[in-house]
Amino acid sequence: MTTLSSPPNRHEVHLEDTWDLSLLFPTDEAWEEEFQRFNNDYLEITQFEGSIGSSAKRLLELLECEKKLHLSLEKLSRYAGLRLAEDSAYGPSLEREGRLQALAVKFQAATSFIAPEIQAIEEEAFSLLLTDTLLTAWTIPLKQLRRLRIHTLSQKEEQLLALSQASLLGHEETFSQLTNVDMIFGTLFDENNQEVTLTQSNFSSLLQRQCRTVRQEAFDKFYQEFSAHRYTLASTLASSVKSDVFYAQARHYPSALEAALFENNIPISVYENLITTVRSRREVLFEYYDLRERILKLPQLHAYDLSVPLVASIQSNIPFDDAIEKVLRSLEPLGSEYVNTLESGLKKERWCDRYENKGKRSGAFSSGGYEGPPYILMNYKSDTLTDLYTLTHEAGHSMHTWYSCKHQSFQNYHYPIFLAEVASTFNEILLTEYLLSTTDDLNMRAYIINRQIDDLRGTLFRQTLFAEFEKITHAAQEAGEALTLDFFRRTYRTLLHDYFGPRVIIDEALELECLRIPHFYHAFYVYQYATGISAAVALASEVLKSGQSSQYLNFLKSGNSQFPLEALQVAGVDISTTEPISLTLDLFAKRLQELQELI
């Protein structure tokens with residue numbers, strides 16, 4: 001299952017290596033029954049139209065009705081999405097997802113009156129409603145919704161926006177189908193002269209091979225396929241940016257960036273501080289590239305030379321069950337409840353879909369909801385240490401969801417993405433500390449330190465580059481510039497030069513990387529990886545130093561009961577300052593010095 005040979009078909013995968021979706025719905029037929037129930041019931045929400053603000057009792061009835069429907073829709077959506085992720089080319093899953101999306105649009109249109117009516121309640125009357133004990137459990141979401149008042153449109157306008165979503169967000173499905181189904185990357189021969197089918201899932205693994213010929217061929221073949229579709233992808237990315245700008249302008253935000261930050265009450269200075277602070281410390285990254293070029297003894301450093309481990313003698317071969325054990329041991333500072341719950345989920349309850357199969361969605365993710373387990377999708381490869389880190393990363397998301405669901409009501413459990421990346425990268429930091437503490441082998445220590453350097457490079461420097469690209473492209477659309485393929489390539493190449501420095505050769509094919517990053521088709525997400533790891537470094541440092549995890553666990557339990565900056569401040573981190581980012585850059589510099597001394 002973990003070799004780089006052609007992946008199996010879905011029906012050939014061992015049951016114990018798949019997730020158990022019966023914990024959501026026992027069968028596809030059971031999903032269909034729930035779908036029909038929702039389809040029959042969702043219009044009952046319209047009975048409240050025109051009377052929401054008449055009394056606290058009426059408002060409560062509306063909120064409870066909406067909650068019931070959202071619970072059903074969330075469960076339906078998770079199952080449909082997870083089944084599609086198993087095999088993106090499987091007809092019944094595509095049909096199921098398509099039908100649900102169409103119904104979800106109708107539901108959004110049916111509920112489009114709710115926000116405008118709540119926003120229309122006079123300030124004095126709204127304050128009086130909040131004092132009623134009937135609405136105590138709903139105070140937080142009502143206040144958060146009320147804050148959006150200045151960007152909420154009339155009922156008819158909200159209904160039109162809801163109906164337009166399926167059309168305006170079509171770029172996401174186009175990108176997914178093109179890159180996960182239609183693209184064929186061909187084959188190549190590895191260092192053992194074995195033919196390997198190149199896929200999106202094993203591309204990163206091949207770039208870590210010691211044989212430079214394998215790395216270069218994988219890079220060239222991979223981007224040849226993207227080049228063949230470059231105009232389609234550029235058009236799709238442009239549509240994504242235009243969609244973001246349209247929604248921001250329709251709701252009267254100053255920019256698409258500010259629209260993305262407003263809901264979580266994130267000042268634009270947080271975004272700008274990240275870019276400014278990271279840019280000011282690029283020299284330490286250039287120093288790392290100098291070291292990499294010397295150790296690898298290369299005449300020139302290319303992008304396909306940036307992922308190969310610098311300690312060539314260390315070969316990773318960690319079966320999935322062993323990976324679980326390493327993850328669990330590394331998380332022991334968080335206490336028995338955390339570790340035991342995760343152990344049961346990964347070993348007994350089959351939270352995780354482990355290995356690659358044909359048509360399966362590439363990469364990894366955690367899919368959490370208020371009902372059912374917080375599932376994890378993996379495409380695990382035993383020869384890639386990165387996949388061990390991916391497992392603990394996604395476990396961090398899943399356990400964040402588990403704690404939030406356990407301690408918050410449905411209306412307050414769904415923590416924002418800004419906080420999600422803290423929990424996942426926190427786990428990665430603990431894994432590194434555990435691995436370093438369990439070996440005296442100098443080569444292994446160098447390997448692990450190199451791994452953390454590369455992780456910090458990928459999460460802090462690289463994601464900040466991505467964040468700057470998103471900021472530039474959206475600002476260009478807002479200024480009326482044409483978002484052509486040449487514009488994307490030119491913009492991205494400039495940023496690559498800025499962040500890679502003088503040592504790294506920018507191959508022309510690398511300009512197309514901006515077209516293949518999935519998060520660019522759902523913009524202003526990536527900066528949260530960088531802020532998340534900065535907050536995580538500060539939190540992990542405190543847990544390891546003090547031996548106390550209660551403050552961090554309380555953060556996991558808080559869900560969406562506070563705005564992100566407030567939740568982090570309570571946990572002891574102020575991400576509105578540059579201090580956490582500087583602390584993370586200091587860690588990068590420290591690890592680089594340690595690596596130089598070891599090697």
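Against the test of being part of a helix (DSSP H, G or I) and within 23 Å of the chain's Cα centre (by Cα), the options L595, L553 yield a single qualifying residue, L553.
Taking region 132-214 as the region of interest, the helices (runs of 4 or more DSSP H) fully inside it that hold 3 or more residues being under 30 Å from P254 (Cβ atoms) and charged (D, E, K, R) are 139-147, 155-168.
Quick check on this structure: which one of E481, E513 is touching a Phe, Trp or Tyr at 6+ places or on another chain (Cβ under 9 Å), of a type in the set (D, E), part of a helix (DSSP H, G or I) and assigned by TED's automatic domain parsing to the domain that holds S269? Of the residues listed, the single one that is touching a Phe, Trp or Tyr at 6+ places or on another chain (Cβ under 9 Å), of a type in the set (D, E), part of a helix (DSSP H, G or I) and assigned by TED's automatic domain parsing to the domain that holds S269 is E513. Residues of region 398-422 that are part of a loop (DSSP other than H, G, I, E, B) and of a type in the set (S, T, Y): S409, Y415. Among the residues of region 521-542, those that are surrounded by fewer than 20 Cβ atoms within 10 Å (Cβ to Cβ) and part of a helix (DSSP H, G or I) comprise S541, E542. Taking every residue in region 242-268 that is assigned by TED's automatic domain parsing to the domain that holds E478 and touching a residue at least 40 places away in the same chain (Cβ under 8 Å) and pairing it with any residue that is aliphatic (A, V, I, L, M) and in a loop (DSSP other than H, G, I, E, B), at least 6 positions away or on another chain, the pairs with Cβ-Cβ distances below 6 Å are D244/A523.
Would you say L59 is of a type outside the set (G, A, S), buried (at least 19 other Cβ atoms within 10 Å of the Cβ), over 16 Å from S367 (Cβ atoms) and in contact (Cβ under 8 Å) with a residue 60 or more places away in the chain? For L59, the condition - of a type outside the set (G, A, S), buried (at least 19 other Cβ atoms within 10 Å of the Cβ), over 16 Å from S367 (Cβ atoms) and in contact (Cβ under 8 Å) with a residue 60 or more places away in the chain - is met.
Quick check: anything in region 28-50 touching a Pro at 6+ places or on another chain (Cβ under 8 Å) and surrounded by 12 or more Cβ atoms within 10 Å (Cβ to Cβ)? Reasoning before the result, please.
Filtering region 28-50 down to residues touching a Pro at 6+ places or on another chain (Cβ under 8 Å) leaves 28.
Within this subset, residues satisfying the condition of being surrounded by 12 or more Cβ atoms within 10 Å (Cβ to Cβ) are 28.
Looking for residues that are touching a Pro at 6+ places or on another chain (Cβ under 8 Å) and surrounded by 12 or more Cβ atoms within 10 Å (Cβ to Cβ), one finds at least one in region 28-50, hence yes.
Identify all residues within region 354-391 that are more than 23 Å from H414 (Cα to Cα) and not in a loop (DSSP other than H, G, I, E, B); write none if there are none. Result: L385, T386, D387, L388, Y389.
Can you report the number of residues in region 14-63 which are among the polar types (S, T, N, Q), assigned to a helix (DSSP H, G or I) and within 22 Å of I376 (Cβ to Cβ)? Break it down into steps so the answer makes sense when it comes.
If we filter region 14-63 for residues that are among the polar types (S, T, N, Q), which is where we start, we get 18, 22, 27, 36, 39-40, 46-47, 51, 54-55.
Applying the additional criterion that residues be assigned to a helix (DSSP H, G or I) yields 22, 36, 39-40, 46-47, 54.
Keeping just the survivors that are within 22 Å of I376 (Cβ to Cβ) gives 22.
Qualifying residue count, region 14-63: 1.
Of the residues making up region 439-475, those that are surrounded by fewer than 20 Cβ atoms within 10 Å (Cβ to Cβ) and either free of Cβ contacts under 8 Å to residues at least 24 places away in the same chain or not assigned by TED's automatic domain parsing to the domain that holds H522 (or both) are T439, D440, D441, G458, I472. Of the residues making up region 556-592, those that are within 14 Å of V422 (Cβ to Cβ), of a type in the set (G, A, S), part of a loop (DSSP other than H, G, I, E, B) and within 22 Å of the chain's Cα centre (by Cα) are S558, G559.
Being surrounded by 15 or more Cβ atoms within 10 Å (Cβ to Cβ), touching a helix residue (DSSP H, G or I) at 6+ places or on another chain (Cβ under 7 Å) and not in a helix (DSSP H, G or I): is that true of V311 here?
Details: surrounded by 15 or more Cβ atoms within 10 Å (Cβ to Cβ): yes; touching a helix residue (DSSP H, G or I) at 6+ places or on another chain (Cβ under 7 Å): yes; not in a helix (DSSP H, G or I): yes.
Judged against the criteria, V311 is a match.
The values are calculated or read from the model by the stated rules, or taken from the named source; none is laboratory data. Remember, predicted model here, so these are calculated numbers, not experimental data. Every residue, glycine as well, gets a Cβ built from its backbone with ideal geometry; the counts of neighbours run over all protein chains shown.
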